[in-house]
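Everything below concerns the one structure shown next.
No value in this document is a laboratory result; all are computed from the given coordinates. Just so you know, these numbers come straight off a predicted model, no measurement behind them. We place every Cβ from the backbone using ideal geometry, glycine too, and count neighbours over all the protein chains shown.
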Amino acid sequence: MAVDVLKKYPRSETSKKIEENAKIAYESGNVLKLAGVIYLAKVLEYDSDYLKQLKKQQEQSEAVKAAAEKAENTVNTFDLDEKALFGSEEVQVFNPDGPGSYAMKK
């Protein structure tokens with residue numbers, strides 16, 4: 001019954017009050033009041049700018065969390081260049097007969 005009265009009330013006044021009450025409910029942490037304001041806005045077919053902003057911030061926060069989680073779970077890979085690693089095709093091998101314990105093999 002109250003919603004029917006609000007439907008007949010001037011749209012500018014109704015929208016102003018919805019915006020105010022949505023902000024007050026969110027900032028005070030009153031979940032039930034915020035839910036009621038959201039429901040009322042839906043019934044009155046009003047798209048609250050404040051509620052849109054809250055939803056956008058929540059989606060961005062979730063996207064950032066998902067990206068951070070994905071980056072955390074990603075394994076870094078790299079290509080191994082064996083020639084660059086060893087410097088040439090010559091390889092050190094054990095040389096028991098030489099002056100040192102290792103010698104270069106071609």
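Quick one: if the Förster radius is 25 Å, what FRET efficiency do Glu59 and Tyr9 give, using the C-beta to C-beta distance and rounding to 0.05?
With R0 = 25 Å, the Cβ-Cβ based efficiency is 0.20.
Using the Karplus equation 6.51 cos²θ - 1.76 cosθ + 1.60 (θ = phi - 60°), what ³J(HN,Hα) coupling, rounded to whole Hz, does each residue of region 35-46 give in order, writing x for Gly and Pro?
My calculation for region 35-46 gives 4, x, 5, 4, 4, 4, 4, 5, 5, 7, 6, 10 Hz in order.
What does the charge add up to near Asn21, with Lys and Arg as +1, Asp and Glu as -1, over the other residues with Cβ less than 13 Å from its Cβ?
With Lys, Arg at +1 and Asp, Glu at -1, the net is 0.
Of Lys17/Lys55; Lys23/Lys70; Lys16/Lys56; Lys33/Lys70; Lys8/Lys42; Lys7/Lys55, which ones are farther than 27 Å apart at the Cα? Walk me through the numbers on the way to the answer.
Values: Lys17/Lys55 19 Å; Lys23/Lys70 33 Å; Lys16/Lys56 20 Å; Lys33/Lys70 35 Å; Lys8/Lys42 15 Å; Lys7/Lys55 25 Å.
Result: Lys23/Lys70; Lys33/Lys70 exceed 27 Å.
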